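A.B. asks: Quick one: the structure is below, questions incoming.
What follows is calculated from the coordinates using simple rules that are stated; it is not laboratory data. This one's a predicted model, so the numbers in the text were calculated from it and none came from an experiment. Positions of Cβ are generated from backbone atoms using ideal geometry, with glycine treated the same way; all protein chains shown enter the neighbour counts.
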Amino acid sequence: MFSNAFGATMAAETFAPIPYVNLAAQIADEAADLSDLFMRVISRGDHVGGEDIALLEQELAAQIGVTHVVALKSGTDALVLTLKALGIGPGDEVITPPNSFIASTAAIVHAGATPVFADVGTDQNIDPEAVERAISPRTRAIMPVHLTGRMCEMDALRSLAEAHGLLIIEDAAQSVGSTFHGQASGALGKAGCFSTHPLKNLNALGDGGFVSTNDDDLASRLKRLRNHGMIDRETVAEFGFVSRMDTVQAAILRYRLARLPGLIAQRRRNATAYRQVLDPRHVYVPPERPDTCDTYHTFVIQTDGRDALKAHLAAEGIGTAIHYPVPIHLQPAAAGLGYAYGDFPVTESQSRRILTLPVNQFMTGDEVQRVADAVNRFFG
Ligand SMILES: Cc1ncc(COP(=O)(O)O)c(C=O)c1O
C-alpha cells in the first residue's frame, strides 16, 4: 500500500516506526548542551542541595505565579509530603478521581487519610457535581488531577472548596505549563504537586518533582520534611524524609524549562493536526475549552474497538499506550477501600475506550498525518 515510484528508500522511510515516546531524540537534540552542563555542574561538587536547586525553585515559582516552589525527589513525594505537611491524615477524607495514575490515590493512603473517589466527565477530568456528592463531614481536601495536561473545571471546584472549607491540592503531575482562565496549573489551590519524571513534558533524567504554593508555612515545612526534618545542622524539628532533588537534575530542569514553551507549542500543533484529520464519527477527542491552555502531556482519544485499533496501529509500526487500563478502585491494592465495579461508570467505560496516540514534540507533520490516517483507515 505504501510502495511508490521512489523505490526502497522511500518505502523504508514511510514504514519507519513511530514510537509512542522518543526520549532518544530529545537527548540527541540536546547532547552538546547537556554534556557541557553535566561537567559544569558535577565538577562543582555540590551534588545535593546545590545552587541549581534554589535557582530552579525561583524560576518555577515565577513561571507558575506563586511565591514558593519546593523541589523534591518525585511527584509522588510532592503529593505525600504536601498532605502530611498540611496535617491531613487518619480520619480525614480526600476526594480524587479513580482514573489517575496510581500515585494520586497512593499518596492519600500513605498520608494515612482515606481516598474517596468521584467519577469524571467526558473530558476524563473529575466531575464537580460528583465531587459535591462525595463531600462528607470528614472531607478535608479535593485532589483534582489535570489529566493529559487538560485543566479541571477549577472555578466549580474552587467554589465547592470555599463553600465547604476544603483545601484544594492540585495533582499537576501532567500539567506543567497548562493554564485555566490565565492562571497556571499549580497556582489554583493550596498547593500544586508536579512530577518531572522522564515521561513528563518538563522532564529530568530520572525521578523528580516539586510543589508550588503561596503558603509560607507549607513551603518551610516541606523544606524541612524533605531533609530529615532538620531546620539546621543541629536541630531536627520533626522526623522527616530524604526527598531532595539532585542538583544535577535541577540543572537539567532549568535548561529544559527554558525550552518548555517551544515543546508545548509543538505538542499543541500536533494535537491540532490530529483534531483536523481524525474522523469524529469514530473518535471522540474532548474539545479544548475557551481560555484554557492544554499542554498535551498525552493525546488521548476515546473510541469503540480500542484494543483492535491498538493492534492495527502496532502492525503499522505506531506505538500507543493506555492511560489507564484498570481504574484505581478496581486495582487489587484498593480492595480495602470498599468500592466495586459499577461505582464509577464513566471512568469504567472510558478505561475500555481510551487510547493514547504519540504526540511528542519530535514528531513531524507527516508522522502525525500518518497516525491519524491509520486510525481513520481502521474504521474504513
Ligand atoms: C497524575 C500523576 N500523579 C502523580 C504522579 C507521580 O509522579 P512521580 O512518578 O514523579 O512520582 C504521576 C506520574 O506519573 C502522575 O501522572
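A.B. asks: Compute the signed sum of charges (Lys and Arg +1, Asp and Glu -1) over the other residues within less than 13 Å, Cβ to Cβ, of I88.
C.D. replies: Counting the neighbours of I88, the net charge comes to +3.
A.B. asks: Follow-up question, since we're still on this one. Using 0.36 nm per residue, how much length does the chain from D217 to A156 gain when fully extended, once their Cα-Cα distance is taken away?
C.D. replies: 19.3 nm
A.B. asks: Another question, then. Suppose R0 equals 22 Å. What FRET efficiency, 1/(1 + (r/R0)^6) with r the Cβ-Cβ distance, do Q369 and A315 give to the nearest 0.05?
C.D. replies: 0.75
A.B. asks: Using a Förster distance of 30 Å, how high is the FRET efficiency between H110 and M230, based on the Cβ-Cβ distance and rounded to 0.05?
C.D. replies: The computed FRET efficiency comes out at 0.90.
A.B. asks: Looking only at Cα atoms, what is the convex hull volume of the stretch 30-254 per residue, in Å³?
C.D. replies: Measuring per residue, one finds 113 Å³ for the Cα hull of the stretch 30-254.
A.B. asks: For a label point 7 Å from the Cα of D46 along Cα→C-beta, name the residues of the stretch 251-273 whose backbone N is under 19 Å from it.
C.D. replies: Label zone hits: 251-257.
A.B. asks: For the chain, give the share of DSSP beta bridges that are antiparallel, in percent and rounded to the nearest 5; count only bridges with both residues there.
C.D. replies: 65 percent
A.B. asks: Continuing with this model, one more query. Looking at the stretch 265-344, which trypsin sites (Lys or Arg not before Pro) are DSSP coil and have at most 15 other C-beta atoms within 10 Å of their C-beta?
C.D. replies: When the trypsin sites (Lys or Arg not before Pro) of the stretch 265-344 are filtered for loop state and at most 15 Cβ neighbours within 10 Å, R281 remain.
A.B. asks: Now for a separate question. Given H placed on each backbone N at 1.01 Å, which residues far from N227 in sequence or on other chains put an amide H within less than 5 Å of it?
C.D. replies: Residues meeting the amide H criterion: F241, S243.
A.B. asks: Let me ask something additional. Quick one: net charge of G262's neighbours, Cβ under 13 Å, K/R +1, D/E -1?
C.D. replies: +3
A.B. asks: Now a separate question. Please list the helices of the chain that count as membrane-span-like by this rule: a mean Kyte-Doolittle hydropathy of at least -0.5 together with Cα atoms stretching 24 Å or more along the helix axis, each helix being a complete DSSP H run.
C.D. replies: Membrane-span-like by this criterion, though nothing is claimed about a membrane: 247-277.
A.B. asks: Based on the alpha carbon coordinates of the stretch 259-378, what radius of gyration and maximum Cα-Cα distance (Dmax) apply, in Å?
C.D. replies: Cα only, the stretch 259-378: 15.9, 48 Å (Rg, Dmax).
A.B. asks: Would you please give the FRET efficiency between L55 and D279, computed as 1/(1 + (r/R0)^6) with r the Cβ-Cβ distance and R0 = 56 Å, to the nearest 0.05?
C.D. replies: 0.75
A.B. asks: Taking the alpha-carbon set of the stretch 53-96, what are its Rg and Dmax in Å?
C.D. replies: When restricted to the Cα atoms of the stretch 53-96, Rg and Dmax are 12.9, 38 Å.
A.B. asks: Which part of the stretch 350-380 falls in the paramagnetic zone of A308, meaning amide N under 13 Å from the point 7 Å along Cα-to-beta-carbon?
C.D. replies: Residues 378-380 fall inside that zone.
A.B. asks: Something else: Tell me whether the chain comes out rounded, prolate or oblate; compute the Cα gyration tensor, take square roots of the eigenvalues as a ≥ b ≥ c, and use a/c under 1.5 as the rounded threshold.
C.D. replies: Taking the square roots of the gyration eigenvalues as a ≥ b ≥ c, the chain is oblate.
A.B. asks: Need one number: nm distance between label points at R352 and A163, each 7 Å from Cα along Cα→Cβ, rounded to one decimal.
C.D. replies: So the two model labels end up 3.3 nm from each other.
A.B. asks: Determine the dipole magnitude for the stretch 252-380: charges of +1 sit on the beta-carbon of Lys and Arg, -1 on that of Asp and Glu, nothing else is charged, the reference point is the Cα centre, and the result goes in debye to the nearest 20.
C.D. replies: With only Lys, Arg, Asp and Glu charged at Cβ, the dipole is about 420 debye.
A.B. asks: How much length would be gained if the chain were fully extended between D343 and E30, taking 0.36 nm per residue of separation minus their Cα-Cα distance, in nm to one decimal?
C.D. replies: Between D343 and E30, full extension yields 108.0 nm more.
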